[in-house]
1. Summing -39500 (n - 2.57) over the DSSP H runs of n ≥ 4 in the chain and dividing by its residue number, what mean residue ellipticity at 222 nm do you reach, to the nearest 500 deg cm²/dmol?
2. Apply 1/(1 + (r/R0)^6) to the Cβ-Cβ distance of residue 137 and residue 182, taking R0 = 22 Å, and write down the FRET efficiency to the nearest 0.05.
3. To one decimal place, what orientation-averaged projected area in nm² is obtained for the convex hull of the Cα set of segment 269-362?
4. Would you mind checking the tilt of helix 88-103 against the longest principal axis of the Cα atoms of the chain, expressed as 0 to 90 degrees and rounded to 10?
5. Just the number, please: Stokes-Einstein D of segment 114-202 in µm²/s, Kirkwood Rh from C-alpha pairs, 37 °C, 0.692 mPa s.
6. Mind jotting down the distance between the C-alpha centroids of segment 199-214 and segment 376-447, whole Å?
7. Using only the Cα atoms of segment 357-457, build the gyration tensor, take square roots of its eigenvalues as a ≥ b ≥ c, and label the shape rounded, prolate or oblate: rounded if a/c is under 1.5, else prolate if a/b is larger than b/c, else oblate.
8. Measure off 7 Å from each Cα along the Cα-to-Cβ vector at residue 87 and residue 166, then give the distance between these two points in nanometres to one decimal.
C-alpha cells in the first residue's frame, strides 16, 4: 500500500469516527430526554415491523441494505398513521433503533459500527461501557430490561449453533465479522445479563500497523517474520486484552501462501488472508450434556489432516500436551497463545496445562517436551495508558539440569510517563544472537548483521 493510499485510508477512518460520534451523541441526548415515550413507541412499532417483514421476498431479506430501506419505508408509513406528531429528529432516531433492533444487535449496534471503539461491555440492561483509545468510558446506551439483553445474546449465539440458558449460563461466541463475544447471565451474573465483545478491525491489522502503534520496532518485525518463515514454533503470551490474538494474526500473515494452514479456536477469530486455510471451531455440549468437541479433540484430529502449519487460538488446558507433541513430531512452524505474566510464567503454565491432560508425567519429562518443542516466546503487555507493547522476545535455549534456559533477545523498558499520562519507554536488543540462527540461514533467510547488536530503538 502506497503512502498516499495509507493517508487516504486514515482520512476515511477519521471521518467515520467523527460521524459515529455525532450519531451516538445525538441518540444519547434524545434517549435521555424522551426515554419512556420513545421506548414505548419503538417497542410497538418493532412488533408491527416484524409482522410486515414476513411477506418481504427472500432476496430482500438476504440483502442488509435493501432490508434496511424496506424497514425505513415501513416505519415511515406506520408513523404517518400515528395520531400524534413526531419531530423529524425523533423519527430518525426511531427508524435507526428499529433497524438496529431488527437486523443489527439492538442498542449496541452504533458502538459496534464505531471504528474507534475496541471493546463493548454490557453490564446488565442499564450500564454499557466501551474501550476507546485504551481507556474505559461509560456510554449513555441502555436496554429496556434483562429480557432485552437476553434477546440480543440469543441473536448473537443462535446463528453459530450455541445456546445460553439457566442450565448453561455462560457462552463464548463470535459476531459475523469475527469479533469475540462472551456472555454470562443470571443466576451467575448478579448485575443482569452481561456481554463482553472484543472487536476486531474491519481490515485486519498488518505488521506496519503494529509498528505505527509502537507495539514493536521494524527490526523486531523483521526478526519475527524470519522466524515464522523458518518454521520456528512460537508462543505468544500476555494478559487479558494485551493484544495476543492480534499479534498471532500478524504472525500468521508471514506464513507463505502455498502452505496448508489449520486454525483451531473456541470461537473462530483469526483473520488469515492465505487461500489454503482450514478453520476448526470447538463445540459445547448439547442440552443433554453430550456431543462436546474440545480444542484437544480438534488438535488431535488436525494431525490427520496433513497440516503444514497448526495455529491454535489459545491453549488453556490439556490440549497443551497434544500441541507440544505435534511440535515435537514434525509439525514445525506451529503458533499459539497463552495467558501469562512473563515468558517464565508461560513455561510454568504450560507445565500445569500438561498435567491437566491427566497424564502422570514427571516434571522433568514435561520440561524436556516444552524445551524441545518451543523455540520462541513473544510476551505482550497492556500498559497503564492502554497501549500495547511486545515487552519480551525470548528464545527457549534448552535444558540445564532441571531448569529450562531462557534468553531475552529483545526487550521493552519503561522509562517514565509524560504529562498527559502516556507511557515512555524504549525497545532494546540484548546483543545476543539466538542459537537457532543456523535454522534461519538454512532456510535461506539472511538477517542484517547489526540486528542483534546491543542498541536502543
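1. Values: 15 runs with 180 residues, N = 457.
Theoretical 222 nm ellipticity from helices: -12000 deg cm²/dmol.
2. Values: r = 20 Å, r/R0 = 0.90.
In this case the efficiency is close to 0.65.
3. Taking the Cα atoms of segment 269-362, their convex hull projects to 7.8 nm² on average.
4. 50 degrees
5. Details: Rh = 13.3 Å.
For these conditions, the coefficient is 247 µm²/s.
6. Each part reduced to its Cα centre gives a spacing of 20 Å.
7. Details: a/c = 2.76, a/b = 1.41, b/c = 1.96.
Cα axes put segment 357-457 in the oblate bin.
8. Distance between the two pseudo-spin positions: 4.4 nm.
Readers should treat all values here as calculations from the given coordinates under stated rules, not as data from a laboratory. Here the structure is a predicted model, which means the values were calculated and not measured. We place every Cβ from the backbone using ideal geometry, glycine too, and count neighbours over all the protein chains shown.
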